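Report on one structure; see the data block that follows.
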Amino acid sequence: MEEVVVARSKGVTIRDVAQRAGVSVAAVSMALNDTGTLSAATRLRIRATAEEMEYQADALARGLRGSPVGAIGLVMRSLDALSEYAPPGVDLFTRYIGAASAQAMDRGLSLMLVRDPTKRPTPPLALSLDGYIVTMPHVDDPVIDLLERRGIPYVTLGRDPSRPDFTDWATEDEISTFRRIYEHFAAAGARSIVLLRGTDPNAWNIDSEATYRAWCESVGITPRVYLSAERAGERGGEEVAQAIVDDEIPDAILCHTGRQAAGVLTGLTARGVAVPDRTLLATASDSEHTRHSRPAISAVELHAEETTLALLDLLQARIAGEPSAGPILTTGRFRVRASSRRAHTSG
C-alpha cells in the first residue's frame, strides 16, 4: 500500500518525493527505511528531499488521512530554547505539563510532549495529532509556521507576538501582576526600580518591558532595563547584579525568573548590598530557588491548572471549528516574602 503523509493542507505523498528526487517510489521507501542497496549519496539526497517537503511516512499515518487520533501535542518553546527539559529547581514547566496531561485525560484525550517539531528527528505521530498547545511562541516562530502550513489547529500559552490578530491564546494577567509588584515596591519606599528580563523573543519578555516603561513614565521614574539569557540562569543573574551595582544601586529589582533572582541575590550579597534593607528583590516566576533562598524571594505564583483548562477549552473549540473565545486571562498571585518586606512596611 502506498504510504501517505498526514498533511492536512499539502497532501505530500511518497510519489511526490520520488518525483522531486528523480528516483523510484521503491528507492524512496528504501532510503527512508534504511534498507536496500542504495549508495550513501543517493540515500542522503532522498532523505534531504523528504525533509524539505516535510514528508513523514509511518504505519499510523497510512490509515489516518486526517482522521482524529484522540491525542494532542504540547510544545514547550522556553525549554526548547534552553535545550534542557528538566532545569534544576524550576518546577513551573512540570506543573503546566502535569496539569495539561491530567486535564486532557479527563476529556478523553492523550497528550504528547513534543520537542521542537521543526527539528529532526521528529516522532512520526507528531504531525498526525489533532492539535497543539504551544507555550510562549517566539517572534516568527518556525513551530507556528509549520502548524499553519500543515493546517493543524493550535493554541498558545501567551500571545503570539508575530500574529496580533490571533486570539486563541490564554495566559495569566501578567500586565496587572507586574504593575502590582511595582506598586508594592513603591509602597515600601522604592524610588528607583530595575527590571531584569530574559532574551527569548516571546511576548512575556516584550510585554513586560513595555509595561515597566509605561509604569515608570506614569510615576516619573527613569527606567533601567538589563537583559540576561534564560539559559544563563543563576550565573547570568549574578553577572547582571555586578553591572547593576556598578551603575548605581537601586531601591528595588524585579527579575523575570527565579534562577535570575537567586543569582542577583548572590551577586548583591557578595558586593555588600543587603536584601531587603538596602534593595528590595522580587521575581515574576516562583521556583525552588526563590522559596529556599535566604531571605526567601517574593515571587509570582502562577495558576497552571486554571490556564491549562482555558487552553484546552480553546483548542477543542478550534478543532471543532467553533469561533474563538480568546484571549483568556487567568490570575496569578504575588506572594510577598522577606526579600521585599521591610520592618517598617506592612507589605
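The table for this structure:
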| read-out | value |
| --- | --- |
| Residue ID - farthest from Glu234 (Cα to Cα), chosen from residues in the range 155-208 that are of a type in the set (Asp, Glu) and under 17 Å from the mean Cα position of the chain (by Cα) | Asp168 |
| Single residue of Arg95, Arg107, Arg65 found to be at pLDDT below 80 and of a type in the set (Lys, Arg) | Arg65 |
| From Leu281, Leu268, Leu314, Leu309, residue being touching a helix residue (DSSP H, G or I) at 6+ places or on another chain (Cβ under 8 Å), in contact (Cβ under 8 Å) with a residue 12 or more places away in the chain and in the same structural domain as Pro88 (by TED's automatic domain parsing) | Leu309 |
| When residues of the range 199-231 are limited to those that are free of Cβ contacts under 8 Å to residues at least 12 places away in the same chain and either in the same structural domain as Val143 (by TED's automatic domain parsing) or among the aliphatic types (A, V, I, L, M) (or both), the one nearest to Glu84 (Cα to Cα) | Ala210 |
| Close pairs (6 angstrom Cβ cut-off, 6 or more residues apart or separate chains): among the hydrophobic types (A, V, I, L, M, F, W, C) in the range 75-90, assigned to a loop (DSSP other than H, G, I, E, B) anywhere | Val75/Val114; Leu79/Tyr85; Ala81/Asp200; Val90/Ser287 |
| Qualifying residues in the range 11-60 (those that are within 21 Å of Leu147 (Cα to Cα) and β-branched (Val, Ile, Thr)) - the one modelled with the lowest pLDDT | Val12 |
| Any hit, the range 112-129, residues being assigned to a loop (DSSP other than H, G, I, E, B), surrounded by 19 or more Cβ atoms within 10 Å (Cβ to Cβ), modelled with pLDDT of 95 or more and of a type outside the set (Lys, Arg) | no |
| Given (1) of a type in the set (A, V, I, L, M); (2) within 24 Å of Thr135 (Cβ to Cβ); (3) free of Cβ contacts under 8 Å to residues at least 40 places away in the same chain; (4) outside the structural domain of Thr135 (by TED's automatic domain parsing), number of the condition Ala325 does not satisfy | (4) |
| Selection count where residues are buried (at least 16 other Cβ atoms within 10 Å of the Cβ) and modelled with pLDDT of 90 or more, scope the range 331-347 | 7 |
| Selection count, the range 134-179, where residues are buried (at least 19 other Cβ atoms within 10 Å of the Cβ), part of a loop (DSSP other than H, G, I, E, B) and charged (D, E, K, R) | 4 |
| Conditions (1) loosely packed, with under 15 Cβ neighbours inside 10 Å; (2) modelled with pLDDT of 75 or more; (3) assigned to a loop (DSSP other than H, G, I, E, B): number failed by Val90 | (1) |
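The values are calculated or read from the model by the stated rules, or taken from the named source; none is laboratory data. The shown structure was predicted, so the numbers you read here are calculated from the model rather than taken from an experiment. Positions of Cβ are backbone-derived with ideal geometry, glycine not excepted, and every protein chain shown enters the neighbour counts.
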